[in-house]
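**Q** My questions all concern the structure below.
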Amino acid sequence: MTRLNVLVTGGSGYIGSHVVLQLLLSQRYNVAVIDNSANSHPESIKRVEEIAHAETGERHSVRLFQGDLKQRGDVEKVFNYFDEQEEKRGVYGVIHIAALKAVGESGEKPLEYYMNNISASLQLLDVMRAHNCFRFVYSSSATVYGEPPAVPIPETSPLQSESPYSRTKVFFEQMLRDVANAQPDKWRILSLRYFNPAGAHPSGRIGEDPLGKPNNLLPLLAQISVGRSYGQLKVFGNDYPTYDGTCVRDYIHVMDLAAGHMNALDALDKDAVFHDVAPGKAKAYNLGTGKGQSVLTMIESMRKASGFEYQYEIVDRRPGDVPNLTADPALAIKELGFKTVRGLEEMCADTVRWQKGNPNGYR
Ligand code: WQD
């Protein structure tokens with residue numbers, strides 16, 4: 001069967017590389033990646049190809065375009081390639097993951113966040129339209145919910161942004177609805193609201209490798225367990241209204257998250273998915289497990305998985321943190337066939353295997 005050409009922006013990154021792997025393993029897609037390596041390494045794509053070869057017995061090659069979505073020429077190059085080569089079949093759809101995503105940093109550099117996460121994304125849509133490509137899966141985030149009125153959080157929970165980063169996701173989701181409503185016969189758009197991605201492919205060959213000190217809890221715990229020291233581990237507040245006083249998050253295995261992208265890509269051509277958002281075909285889904293884990297639970301789980309005896313101190317709350325972000329994943333389960341099959345133990349074991357095998361990440 002002829003394989004459809006799919007472009008994954010940010011495909012060299014942590015989430016992106018696991019999504020690219022899922023696409024290859026399905027053996028239904030030719031995959032291209034555009035990435036500026038701002039927070040990723042091209043080595044991850046080589047390893048994805050190796051894993052896919054090992055798992056399917058078939059050689060796979062991902063066409064990697066080193067480029068920046070802010071440069072229109074870089075984006076045009078990708079679409080021109082698929083319009084002129086590869087049997088001129090063009091790009092079937094785009095999974096748009098590339099973004100800046102550090103909540104704290106976004107407050108210091110709002111202009112960079114708006115340029116990268118909104119202007120560049122609008123330009124991507126414009127180039128897609130120029131090339132008659134209208135299928136779009138968008139990497140959104142649970143941060144669109146701000147401090148939700150209730151947990152678990154359904155997609156109908158009010159959108160309230162607490163940071164420029166969160167605003168880029170709220171604003172762009174709305175722009176996508178506007179674009180889809182203007183051309184309901186063309187655009188098919190699904191926004192995926194990630195909760196907290198965690199874990200790694202069980203081979204230990206790909207995983208999370210942020211530049212500099214990790215902002216997020218799990219990669220920080222992983223790096224500490226292999227001796228990367230960043231001073232005393234701090235728990236930001238233990239006076240929250242949660243089961244042990246520390247913040248609760250919905251950690252979702254990155255392999256389950258990547259599978260959710262396949263579910264979304266496969267659902268784009270199903271009109272029924274968009275039944276309640278007419279006229280435009282643009283809709284958002286939560287990708288989470290529905291189970292919340294606290295900071296202390298994560299530290300204990302990583303202690304068990306790594307054997308590392310973490311020492312930590314309880315300090316003041318981190319500005320912008322909310323007590324509990326746990327998904328209600330029912331809609332994605334019902335309408336996309338999404339499911340999470342990997343639990344906390346597997347997330348931590350897979351994270352530790354990746355970090356122990358790659359103490360310095362891909363570098
Ligand atoms: C989890 C909990 C911290 C570090 C992240 C991304 C955000 C979005 C969602 C993409 C919080 C606590 C952390 C530490 C700690 N991703 N913590 N000590 O805040 O949910 O947001 O996921 O859209 O961009 O930032 O995840 O891992 O940063 O923090 O106590 O040294 O761990 O306070 O309660 P968060 P996180």
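The values are calculated or read from the model by the stated rules, or taken from the named source; none is laboratory data. Because the structure is a prediction, the values reported are computed rather than measured. Note that each Cβ is placed from the backbone with ideal geometry, even for glycine, and that neighbours are counted across all protein chains shown.
**Q** Select from the stretch 202-228 the residues that are away from the ligand (no atom under 13 Å from the Cβ) and of a type in the set (Gly, Ala, Ser) and list them in ascending order.
**A** Listed by number, the residues that qualify are Ser203, Gly204, Gly207, Gly212, Ser225, Gly227.
**Q** Cβ contacts < 6 Å: first residue within 13 Å of Ser306 (Cα to Cα), restricted to the stretch 213-229; second residue aromatic (Phe, Trp, Tyr) and assigned to a loop (DSSP other than H, G, I, E, B), any location; separation 6+ or different chain. Result?
**A** Ser225/Phe308
**Q** Go through (1) within 16 Å of the ligand (Cβ to nearest atom); (2) farther than 22 Å from Asn215 by Cα for Arg135 and report which single condition fails.
**A** (1)
**Q** Please work out which one of (1) of a type in the set (A, V, I, L, M); (2) more than 15 Å from the ligand (Cβ to nearest atom); (3) at pLDDT below 95 is the condition Ala349 fails and give its number.
**A** Every listed condition holds for Ala349 apart from (3).
**Q** Of the residues Val273, Val277, which single one is among the β-branched types (Val, Ile, Thr) and touching a strand residue (DSSP E or B) at 6+ places or on another chain (Cβ under 6 Å)?
**A** Val277
**Q** Take the conditions acidic (Asp, Glu), more than 26 Å from Ser161 (Cβ to Cβ) and at pLDDT 95 or above and apply them to Glu112. Does it pass?
**A** Against the criterion (acidic (Asp, Glu), more than 26 Å from Ser161 (Cβ to Cβ) and at pLDDT 95 or above), Glu112 does not qualify.
**Q** For Asp321, only one of the following conditions fails: (1) over 17 Å from Leu220 (Cβ atoms); (2) at pLDDT below 95. What is its number?
**A** Unmet for Asp321, out of (1) over 17 Å from Leu220 (Cβ atoms); (2) at pLDDT below 95: (1).
**Q** Another one. Please go through the stretch 135-154 and give me each residue that is of a type in the set (A, V, I, L, M) and either assigned to a helix (DSSP H, G or I) or crowded, with 24+ Cβ neighbours inside 10 Å (or both), ordered by number. Please lay out each step first, then the result.
**A** Pass one, the stretch 135-154, residues of a type in the set (A, V, I, L, M): 137, 142, 144, 150-151, 153.
Within the stretch 135-154, Val137, Ala142, Val144, Ile153 qualify.
**Q** Mind telling me which of the residues Ser203, Ser191 ends up being of a type in the set (Ser, Thr, Tyr) and assigned to a strand (DSSP E or B)?
**A** Values: Ser203 fails: assigned to a strand (DSSP E or B).
Every option except Ser191 fails the conditions.
**Q** Now a separate question. Tell me yes or no: at least one residue of the stretch 277-289 is of a type in the set (D, E, K, R), in a strand (DSSP E or B) and either more than 15 Å from the ligand (Cβ to nearest atom) or within 27 Å of Asn181 (Cβ to Cβ) (or both).
**A** Checking the stretch 277-289: at least one residue is of a type in the set (D, E, K, R), in a strand (DSSP E or B) and either more than 15 Å from the ligand (Cβ to nearest atom) or within 27 Å of Asn181 (Cβ to Cβ) (or both).
**Q** Could you list, in sequence order, all residues of the stretch 161-183 that are among the polar types (S, T, N, Q) and either surrounded by 19 or more Cβ atoms within 10 Å (Cβ to Cβ) or modelled with pLDDT of 95 or more (or both)? Explain how you work it out, then say what you get.
**A** Step one: of the stretch 161-183, the residues among the polar types (S, T, N, Q) are 161, 163, 166, 168, 174, 181, 183.
If the condition is that a residue be among the polar types (S, T, N, Q) and either surrounded by 19 or more Cβ atoms within 10 Å (Cβ to Cβ) or modelled with pLDDT of 95 or more (or both), then Ser163, Ser166, Thr168, Gln174, Asn181, Gln183 are the ones that fit.
**Q** While we're looking at this one, here's another question. Could you name every one of the helices (runs of 4 or more DSSP H) located completely within the stretch 91-134 that has at least 1 residues being in contact with a strand residue (DSSP E or B) (Cβ under 9 Å, 6 or more places away or on another chain)?
**A** Ranges flagged: 120-130.
**Q** From the set of residues in the stretch 218-250 that are hydrophobic (A, V, I, L, M, F, W, C), part of a helix (DSSP H, G or I) and over 16 Å from the mean Cα position of the chain (by Cα), which is surrounded by the most Cβ atoms within 10 Å (Cβ to Cβ)?
**A** Ala222
**Q** If only one of Leu331, Leu265, Leu296, Leu287 is surrounded by fewer than 21 Cβ atoms within 10 Å (Cβ to Cβ) and closer than 30 Å to Lys186 by Cα, which one is it?
**A** Testing whether each residue is surrounded by fewer than 21 Cβ atoms within 10 Å (Cβ to Cβ) and closer than 30 Å to Lys186 by Cα leaves just Leu331.
**Q** Has the stretch 172-185 got at least one residue that is within 16 Å of the ligand (Cβ to nearest atom) and over 24 Å from Gly337 (Cβ atoms)?
**A** yes
**Q** Out of all the residues in the stretch 326-340, is one or more part of a strand (DSSP E or B), within 15 Å of the ligand (Cβ to nearest atom) and β-branched (Val, Ile, Thr)?
**A** No, the stretch 326-340 contains no residue that is part of a strand (DSSP E or B), within 15 Å of the ligand (Cβ to nearest atom) and β-branched (Val, Ile, Thr).
**Q** Another question, then. Assuming Leu159 fulfils every condition listed in (1) within 12 Å of the ligand (Cβ to nearest atom); (2) closer than 20 Å to Tyr113 by Cβ; (3) of a type outside the set (D, E, K, R); (4) assigned to a loop (DSSP other than H, G, I, E, B) apart from one, which condition is it?
**A** (1)
**Q** Taking Leu257 and the conditions (1) more than 10 Å from the ligand (Cβ to nearest atom); (2) over 15 Å from Gly13 (Cβ atoms); (3) in contact (Cβ under 8 Å) with a residue 60 or more places away in the chain, which numbered condition does it fall short on, given that it satisfies the others?
**A** For Leu257, the failing item is (2).
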